[in-house]
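Structure first, commentary second.
The values are calculated or read from the model by the stated rules, or taken from the named source; none is laboratory data. All values derive from a computational prediction rather than experimental measurement. FYI the Cβ positions are ideal-geometry reconstructions off the backbone, even for glycines, and counts take in every protein chain you see. For accessibility, only protein heavy atoms count, side chains too; no ligands or nucleic acids. Shrake-Rupley method; radii C 1.70, N 1.55, O 1.52, S 1.80 Å.
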Amino acid sequence: MLRVAVVGSGPSGVYTAQSLVQQDPEVLVDVLDRLPCPYGLVRYGVAPDHEKIKSLQNNLRAVLEHERVRFLGGIRIGTDGVPPARLRELYHAVVYCVGAAADRHLGVPGEELPGSWSATEFVSWYSAHPDAAADGFLRGARSAVVVGLGNVAVDVTRILARRAAELSPTDMPEAALTALASSGVTEIHMVGRRGPSQARFTTKELRELGGLPDTEVIVDEAELALDPAYGDSAGLPAAQRRNVEVLRAWASAPAQGARRRIRLRFFLRPAALLAYDGRVGAVRFERTAPDRRGGVTGTGRYEDVGAQLVLRSVGYRGVQLEGLPFDPERGTVPHLAGRVLREGAVAPGEYVAGWIKRGPTGVIGTNRPCAKETATSLLADGPALLRRELPGDPLGSLRAAGAEPVEWAGWLAIERAEAELGASLGRGVVKLADWAALRTAAGPARTGPREPRR
Ligand code: NAP
């Protein structure tokens, strides 16, 4: 049997495992994750009020419960963990599906002021990621600026605008729910440096903003009209044309006087975050103008937008895994159809899939063909990889290397604890938000006996 380790249990990792076992009946896959919980960004990135996308977890679960797939949580690979070279000794092949764990920076003065956060820090907090920063995002905030026009920007804008009644049925941790329920934020400015026809959000996500109770979306027609494509949107690709149509309808709608306002702004690029009393108090934007080549140039005119909370939502960035090659420009691992390249040559038995392979773009489904390509490359290399004798079941060696794996039974115990916590709070499932709680919940099952699955 070909033994494969997949590092990362997000969509790209799970789709890789699925593609491997579907294509080859002679392959065994261990899906490793540094967290005791599977599903990566489906659990810790997809917004809690997007139940339909969240339900993808059921599909991913079916893969992790496949008889030739084994989930091993709580295992860190790289710095402070199992070195990739050791992992390579324990398996015929290793597929890195570690995503893009860091945020891009704005590179403007004041970016690090208290009250300025990356959108991912905010998302991690309301998604109960155990590494999330402590509470305090909303303290004293009345106005928020969200920088960026991608789907993450739309997610955080929507969550800021939602009321407790809409958030309470979600699996959001109790502390985040309480803080959002008592939030004083009534103005949310979502600001892009380019125009409406270049925004990255998808129309479905954009439209959702218009359906939020007690909230109105405000768009300035004059700002939309700065976009050369605005007057003639017929020539735009369908997705962009639909976005422009939605924005146009909002711009012409009469004011409703709703309690909360989402202001969508365009052609403003951040120049600095301004301090007030040691915290962020405003964002200074420079007005931009289209350069007719798809980019923008500065105009030297500035506008300050008051905000006590700034969420920088300008995209993710891949992080180098110690022991693996890395292209710092692209934030990805160099590869050939998923085969890792070391100094331009294929490194036998090492593969990548997902965002660390192609960069942080696309929706969850984009990972399917990406994972399939990698799995196909790996299986084509299978006969050569199988020539190497392995030391036996890697689990014992991983434990000997200091890892404390949380197996599937441990994860199921976490799920039960989250259902019990929710019931005790009069809610549905409520996520455990810290390492200690997760470890305790996974505890006895983590090391206890389990059914042999192979
Ligand atoms: P994204 O789609 O790449 O959007 C990043 C945004 O940040 C763009 O508007 C970009 O503007 C802007 N930006 C970048 N650098 C900037 C700077 N220095 N100053 C000002 N603005 C800057 O990234 P994302 O929103 O993080 O999403 C990542 C991926 O996850 C996307 O593929 C997204 O579709 C996906 N996702 C999907 C969903 C969903 O389907 N519901 C939800 C969340 C995320 P420019 O265009 O001018 O560069």
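Listed values, structure above:
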read-out: Shape category assigned to the chain from the gyration tensor of Cα positions, a/c cut at 1.5; value: prolate
read-out: Sequence of Arg259, Arg427, Arg158 from largest to smallest accessible area, 1.4 Å probe; value: Arg259, Arg427, Arg158
read-out: Residues of the chain: accessible area per residue with a 1.4 Å probe, Å²; value: 42
read-out: Net charge over other residues, Cβ less than 13 angstrom from the Cβ of Gly428 (K, R count +1; D, E count -1); value: -4
read-out: For Asp171, solvent-accessible area (1.4 Å; no DNA, RNA or ligand), Å²; value: 40
read-out: Residues with amide H under 5 Å from that of Ala275, placed H, sequence gap 5 or more; value: Gly281
read-out: DSSP bridge orientation in the chain - percent antiparallel, rounded to nearest 5; value: 40
read-out: Relative contact order, percent, the stretch 1-48 [alpha-carbon distance under 8 Å, six or more residues apart]; value: 47
read-out: The stretch 105-314: relative contact order in percent, alpha carbon pairs under 8 Å with at least 6 residues between; value: 32
read-out: Distance histogram for the stretch 105-314 (every C-alpha pair counted, 10 angstrom bins, percent rounded to whole numbers); value: 8, 35, 37, 17, 3
read-out: Set of lysines with alpha-carbon distance to Lys357 below 28 Å, sequence-local pairs under 8 removed; value: Lys52, Lys54, Lys204, Lys372
read-out: Listed residues Tyr302, Tyr316 arranged by accessible area, highest first, probe 1.4 Å; value: Tyr302, Tyr316
read-out: Cleavage-rule hits, GluC sites (Glu not before Pro), the stretch 1-68, DSSP coil, Cβ neighbours within 10 Å at most 14; value: Glu26, Glu65, Glu67
read-out: Ranking by accessible area, most exposed first, for Glu187, Glu373 with a 1.4 Å probe; value: Glu373, Glu187
